[in-house]
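Engineer: One structure coming up, written as structure tokens, with questions to follow.
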Amino acid sequence: MKIKKLLFVTKFEDLCYDSLNSLLTLRKAGLEHVVFLNVIERDKVAMKRGSGYLKEEEVKLKETANIRFIDWAENLFELGMEVGAYIEVSTLIPEILKAVEKEKPDLIVIGRSHKGPLEQLYSRSDITELTRRTAIPILVFKHLAEDKVVPEKIFERPLFATSWSNSSEKAISCLKELGNVIGEMHIMHVVNEKDLKSSDTHEVQKVRKKERKQLDDLCEEFEDAGISVRPHVYVGDPEKEILKAAKEYQATMIILGFSEKTAILERWMGSISRNIADKSIYPCMLFPVKK
Amino acid sequence: MSKKVLVVDDDPDVRSFVVTVLEENHYTPLVAQDGVEGLEMIEKEPPDLVILDVLMPRGSGIRLYRKLKTDDSLKEIPVIMFTGIAMRSFLKSQKALDEFNGGEVPKPDIYLEKPVEPEELVRAIQKKIG
């Protein structure tokens, strides 16, 4: 599965040209088309008492976005790339889905969710919502920590946390196409403490040996595809261990499959992928469940 | 019979502006919202002139322009580029694609950077198709 076309969803305050620029390394793996999408939330131009629908504000916001997109597009056109753009007054997720339907991208790039914790509890985060409604991989782009520095080479040292699920298989097939792009990839599997039959050393070592063998087989597949990899088995709480490994290996991005938990269960209990995507400082590439 | 001019632009305000200019000057306007729709219309019923935007969803004007200029049955159709993208960037993109694909695509007959006055657009159209 090659990434030839990406949908770059921006509100400008979260994702700008520097973020896009750091993704252009994907050209080495076949990226040739970028589609921009800016959704102006309805409440910015909605009917206000005394002033009605803010048509002038809509025109101003659309033109501002258009000027930014023209500027970005000129840079990409000059590289020989294909570029398209949508600017819509609407609601974010339905507009993303419409653009996905029309453009059939191979990757959606989006900034961190801007909903507050209470809003997320009832309406879910944009990212969770998106992973539920599309089968296309999603890159949640983030500026690193407080200094807001864009990671220049996000594919330099990705950490791929596999759960051996369907969505992990999808990730494997996509990552194998990125041999020219990925520097060194760390692959990990976390054995959940709850899944261990007993806590005696022999049992734990047996489980580790089995998982390590499976990871080694996967490493061989990646090495055949020209990607340098290092396998790791962790035991503990998956969310914590993944973040620990990302820190230990100075990961530039975390790659995750998405769980198959039901929507209601996930809303109240959360999921590992959702929590990491929403809360961690690392850019995350999410692979929704295969549909 | 009036000459047919196809306007390919994703912005409804721009389409409306160009259509008004065309109608007032006794041309028959046809409209397409993006490069894909534009190409379908051109192949179905070749117009006398194409007025083409560059930055559009579902296929940019850059690709459509190349398609028109490299297809033997379509390359004689005159094209006016009508866009917010600077001509310099357009020419650089064509150069990059020429290098990548081999061959050389001719420069556009007329390149108008938005916004333009109606008179300027009419002059450009008249220059190409009378």
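Read-outs: derived from the displayed coordinates by stated rules, not from any lab. This one's a predicted model, so the numbers in the text were calculated from it and none came from an experiment. Cβ placement follows ideal geometry from the backbone for every residue including glycine, while neighbour counts extend to all protein chains displayed.
Engineer: Using a Förster radius of 56 Å, what is the FRET efficiency between A:N66 and A:E203 based on their Cβ-Cβ separation? Nearest 0.05, please.
Structural biologist: Taking R0 as 56 Å, the efficiency between A:N66 and A:E203 is 0.35.
Engineer: How big is the charge dipole of the protein assembly as shown about its Cα centre, in debye rounded to the nearest 20, if each Lys and Arg gets +1 on its Cβ and each Asp and Glu gets -1 on its Cβ?
Structural biologist: Dipole size: approximately 1000 debye.
Engineer: Could I ask something else about it? Need one number: nm distance between label points at A:R49 and B:S2, each 7 Å from Cα along Cα→Cβ, rounded to one decimal.
Structural biologist: Output for this residue pair reads 5.0 nm.
Engineer: Given the pairs A:K62/A:K279; A:K62/B:K67; A:K60/B:K75; A:K2/A:K206; A:K4/A:K170, which span a C-alpha to C-alpha distance of over 28 angstrom in this model?
Structural biologist: A:K62/A:K279; A:K62/B:K67; A:K60/B:K75; A:K2/A:K206
Engineer: What full-extension length gain, to one decimal in nm, is calculated for A:K279 and A:C16 as 0.36 nm per residue of separation minus the Cα-Cα distance?
Structural biologist: The A:K279-A:C16 span can extend by a further 92.6 nm.
Engineer: Got a sec to turn the phi values of region B:54-65 into Karplus ³J(HN,Hα) couplings, 6.51 cos²θ - 1.76 cosθ + 1.60 with θ = phi - 60°, whole Hz, x for Gly and Pro?
Structural biologist: 9, 7, 9, x, 6, x, 7, x, 5, 5, 5, 4
Engineer: Could you calculate the FRET efficiency of B:K127 with B:E104 from 1/(1 + (r/R0)^6), where r is the beta carbon distance between them and R0 is 30 Å, rounded to 0.05?
Structural biologist: 0.80
Engineer: Run down the aspartates and glutamates and flag those whose C-alpha is under 14 Å from the C-alpha of B:K107, throwing out any fewer than 8 positions away in its chain.
Structural biologist: B:E76, B:D98
Engineer: Could you list which residues have their amide H under 5 Å from that of A:A85, counting only those 5 or more apart in sequence or on another chain, with H placed in the peptide plane?
Structural biologist: A:F36, B:M56
Engineer: Quick one: grab the alpha carbon gyration tensor of the protein assembly as shown, order the square roots of its eigenvalues as a ≥ b ≥ c, and give me rounded if a/c is under 1.5, else prolate or oblate depending on whether a/b is larger than b/c.
Structural biologist: Cα axes put the protein assembly as shown in the prolate bin.
Engineer: What shape does region B:1-93 take by its C-alpha gyration tensor, where a ≥ b ≥ c are the square roots of the eigenvalues and a/c under 1.5 counts as rounded, a/b above b/c as prolate, and the rest as oblate?
Structural biologist: Verdict is oblate for region B:1-93.
Engineer: Moving to a separate point now. Compute the angle between helix A:238-248 and the longest alpha-carbon principal axis of chain A, please, reported from 0 to 90 degrees and rounded to the nearest 10.
Structural biologist: Long axis of A:238-248 versus the principal axis of chain A: about 90 degrees.
Engineer: Which residue, B:K114, B:K67, B:K92, tops the fluctuation ranking in a GNM of chain B built on C-alpha contacts under 10 Å?
Structural biologist: For chain B, modelled as a Gaussian network with Cα springs under 10 Å, the answer is B:K92.
Engineer: In whole Hz, what ³J(HN,Hα) sequence does region A:204-216 give by Karplus (6.51, -1.76, 1.60; θ = phi - 60°), x for Gly and Pro?
Structural biologist: With the stated coefficients, region A:204-216 comes to 4, 5, 4, 5, 4, 4, 5, 5, 5, 4, 5, 5, 4 Hz.
Engineer: When a footprinting reagent is the concern and you count Cβ atoms within 10 Å, what order do B:R63, B:R88, A:R208, A:R49 take, fewest first?
Structural biologist: Fewest-to-most Cβ neighbours within 10 Å comes out as A:R49, B:R88, A:R208, B:R63.
Engineer: For helix B:35-44, report the angle its Cα long axis makes with the longest principal axis of the Cα atoms of chain B; keep it between 0 and 90° and round to the nearest 10°.
Structural biologist: On a 0 to 90 degree scale, this one is about 70.
Engineer: By how many degrees, 0 to 90 and rounded to 10, does the Cα axis of helix B:118-129 deviate from the longest principal axis of chain B?
Structural biologist: 70 degrees
Engineer: Pull up the cross-link candidates among the aspartates and glutamates for A:K5, meaning alpha carbon to alpha carbon under 12 Å and not fewer than 8 places away within one chain.
Structural biologist: Qualifying aspartates and glutamates at Cα under 12 Å: A:E32, A:E82, A:E103, A:D106.
Engineer: Taking 0.36 nm per residue of sequence separation and subtracting the Cα-Cα distance, how much length would be gained by fully extending the chain between A:A225 and A:K213, in nm to one decimal?
Structural biologist: Contour length minus the Cα-Cα distance gives 2.4 nm.
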